[in-house]
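Colleague: If you scroll down you'll find the structure; I have some questions about it.
The values are calculated or read from the model by the stated rules, or taken from the named source; none is laboratory data. Here the structure is a predicted model, which is why all the values come from computation and not from measurement. Here the Cβ positions follow ideal geometry from the backbone for every residue, glycine too, while neighbour counts run over all protein chains shown.
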Amino acid sequence: MILFLSVSIFLATAVGTIGLYMWLEARKESLPQRFKEIVGEEASAPRVRIVASAGEWLGKFRKQFAAKAPTEVELVEMLSGKELTGGRLLLNQAGIRSAGAYSAYLAVRWALPVVLVVLAMVYGKVTGIKSASIFLMVFVAGIVGILLPDFMLRLKIRKRQEAITDSLPDALDLLVVCVEAGLGLNAAFVKITEEFQLSSPALSEEFDIVNREMVAGKPRQEALRALTERTGVEDVKSLVAMLVQTEKLGTSLAQSLRVHSDSLRLRRRQKAEEAAAKTTIKLVFPLVFLMFPALFIVILGPGVIQIINILYPIATK
């Protein structure tokens, strides 16, 4: 009953918060449309004056918003990750680039500790736990609420970076084939974007952003450097450094890409061998603390019981 009450309070709080946020966003988005509908309606003279003043206010608001609205090039630069820091950069590296992502992230970071602390206090009062235990539960709930959003975001970033790292050698092979077939580097990036939409959506998205930046007028070197900041992957950094150096020195791009692809595959194989070598050490702890005690009980248990049955009558005589 207590567990059901706690879960119900948590679900009600979460649903209420999400509903309030969506309602506010809907009102914010529908405000110009509602003004437009009111202005278009036929009304009496006092209402016409009010609507006219509202229309004038709305026109000023639109002009001010249009003056502050970023251009297409500025939006591309914002997506590149070059001007982003802190939480915005982490969201960008995690692949979360929607308009309200940062606001939602801040809302979760502020609301989650409060919700968990309130739930911990309610649970402690309902169950009748001592004050010291309630204080400890509240403290732990607050710490978890503060650290959990950042931990989950960094976990998503790590998974995305691993996906990009695993698919990068295959993308380099396709890049070599495209360059040797006579395509330019920009057209090869477009081909990677098209071919890796299913096998590696993260890598396809990153190269698609690079293509859009170059189409918007950003130089190729700056677009590639923005790719390294946006992904945070070491292999991508080495690839971008190789491409920039090749473009400056004028060496063979196909040969450089082939050598770099081979080095990435070698590095990936070495990481796999390192992980396989660590498995024997990692298996020591579950074997010693989980499997060996159970084996000892199963093997030695019957013998110990027989010894006790034999020696106990002798000791009592």
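Colleague: Please go through segment 177-200 and pick out each residue that is closer than 24 Å to E222 by Cβ and either touching a residue at least 40 places away in the same chain (Cβ under 8 Å) or β-branched (V, I, T) (or both).
Modeller: V179, L185, V190, I192, T193
Colleague: So, in segment 196-215, how many residues would count as being surrounded by fewer than 16 Cβ atoms within 10 Å (Cβ to Cβ) and over 18 Å from the mean Cα position of the chain (by Cα)?
Modeller: Total satisfying the criteria: 4.
Colleague: Can you name the residue in segment 170-194 that is closer than 15 Å to R258 by Cα and small (G, A, S) and is also nearest to the chain's Cα centre (by Cα) among such residues?
Modeller: A171
A quick yes/no check of all residues on (1) of a type outside the set (G, A, S); (2) within 30 Å of the chain's Cα centre (by Cα); (3) more than 30 Å from S238 (Cβ to Cβ):
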{"position": "S256", "(1), (2), (3)": "no, no, no"}
{"position": "H260", "(1), (2), (3)": "yes, yes, no"}
{"position": "R267", "(1), (2), (3)": "yes, yes, no"}
{"position": "E274", "(1), (2), (3)": "yes, yes, no"}
{"position": "K278", "(1), (2), (3)": "yes, yes, no"}
{"position": "Q306", "(1), (2), (3)": "yes, no, yes"}
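Colleague: Checking N92 against (1) assigned by TED's automatic domain parsing to the domain that holds L257; (2) surrounded by 18 or more Cβ atoms within 10 Å (Cβ to Cβ); (3) of a type in the set (S, T, N, Q), which test does it fail?
Modeller: All conditions pass for N92, except number (1).
Colleague: Follow-up question, since we're still on this one. Of E205, E229, which residue is part of a helix (DSSP H, G or I), touching a Gly at 6+ places or on another chain (Cβ under 6 Å) and of a type outside the set (G, A, S)?
Modeller: Just one listed residue meets the conditions, E229.
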